[in-house]
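Before any comments, here is the structure.
No lab work stands behind these numbers, since they all come straight from the coordinates. Everything quoted here is computed from the prediction, not taken from an experiment. Please note: Cβ atoms are built from the backbone with ideal geometry, for glycine as well, and neighbour counts cover all protein chains shown.
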Amino acid sequence: MLATAAFMAPLPAYRTEKPYEIIGFPESEVPSDQKTNVVYETHDTVRVTDARSTDEIPSLDNHGFAWIAHRSQSLVGREQFTSIDHEHEGSVDAYLHETIAVVRETVKAKQIYVYDWRYRKNGTLYKSLDPETDPETSRYFVYAPIGNVHADYSPQGGVDKLKLHLSSQDLADIQDSGGRVRLINAWRPLKTVENAPLGVCDRRSVLQEDVIEVDKVLPGNVELESGLFYKDYHKWYYMSRQTPSELLLFVQWDGECSSQHNAAVFHASLSGTESLSGTAPRESVEVRLIVVS
């Protein structure tokens, strides 16, 4: 199918000025016209292969992503990810532990750490984090799907994320054991996806010159993510009418190829006439994991 997504515009300014986005600062501190120098350009002829109709089965080690058949026993619904109370907190923990178990079995992991999770619903207005918001409350924000093509971390950004969430002793133990470390996202829709499917790009089709590092400036922290310039040779995939029993795993950093920008899987919420087969909003939950195998 042909889909629409937004890619980084190849601006000459990026030769001398690094792309940045400032998030979570009030207007009084950072005026809106200074919050980013990133410009996106929309492409409406992104050719995307339906994973249901291809003989080539995507894999984590090759493509960087894979769909796993798994029926959740702990997925209750949107309430468990949007309600702040002890009852729903327990159901979230159950889902996180279940996700850890299926990822551990899939990649034969020795250790797995959950460091983040997000609930998204199509049609939700983008919510910029208020620095005064209680972190516990912000965890239950409803986030909008992202139509801008990106990878969560650049090579250095992945290293920074590990240092942020693991102790120096944990990192030393992993290094001594010779373990392979990956940052993997586990993405599951809450119901059958009828619009705004998540598209993922075969990392082998991305060249280093197609990628640019972006500073994501947050209160107290700068995350390094990757943006992508559009190329017609990139190979994109999605799964038509993906169901809650089809879990998508995709790599965002890989210690075995940490110096390469294309180790991460670029992804985005897709739109366009051919990608919208229904009217129900897309709802999904994404769990972000540090995986040691």
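Figures for the structure shown
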{"quantity": "Measure of compaction for the stretch 174-293 (Cα Rg per 2.2 N^0.38 Å)", "calculated": "1.18"}
{"quantity": "For Asn37, distant residues with modelled amide H under 5 Å away", "calculated": "Tyr20"}
{"quantity": "Distant-in-sequence amide H partners of Ala5 (H built 1.01 Å from N, under 5 Å)", "calculated": "His43, Val46"}
{"quantity": "Neighbour-count order for Cys257, Cys201, fewest beta carbons within 10 angstrom listed first", "calculated": "Cys257, Cys201"}
{"quantity": "For the stretch 18-121, convex hull volume per residue from C-alpha positions, Å³", "calculated": "230"}
{"quantity": "For Thr4, Thr45, Thr16, order by how many other beta-carbon atoms lie within 10 Å, fewest first", "calculated": "Thr16, Thr45, Thr4"}
{"quantity": "Partners for Lys18 among aspartates and glutamates (Cα-Cα distance below 20 Å; same-chain residues under 8 apart left out)", "calculated": "Asp33, Glu41, Asp152, Asp160, Glu209, Asp210, Glu213, Asp215, Glu223, Glu225"}
{"quantity": "Arg52, Arg15, Arg203, Arg104 arranged by Cβ crowding within 10 Å, fewest neighbours leading", "calculated": "Arg15, Arg52, Arg104, Arg203"}
{"quantity": "Residue with peak Gaussian network fluctuation, the chain [Cα springs, cutoff 10 Å], from Val107, Val206, Val251", "calculated": "Val107"}
{"quantity": "Enclosed volume per residue, in Å³, of the convex hull spanned by Cα atoms of the chain", "calculated": "140"}
{"quantity": "Phi to ³J(HN,Hα) by Karplus 6.51 cos²θ - 1.76 cosθ + 1.60 over the stretch 102-115, Hz, x for Gly, Pro", "calculated": "6, 5, 4, 5, 5, 10, 6, 6, 8, 9, 9, 10, 8, 10"}
{"quantity": "Amide H within-cut-off set for Phe266, under 5 Å, with H built and near neighbours excluded", "calculated": "Cys201"}
{"quantity": "Percent RCO, i.e. relative contact order, over the chain, from Cα pairs under 8 Å lying at least 6 residues apart", "calculated": "33"}
{"quantity": "At most 16 other Cβ within 10 Å, DSSP loop - GluC sites (Glu not before Pro), the stretch 1-36", "calculated": "Glu17, Glu27, Glu29"}
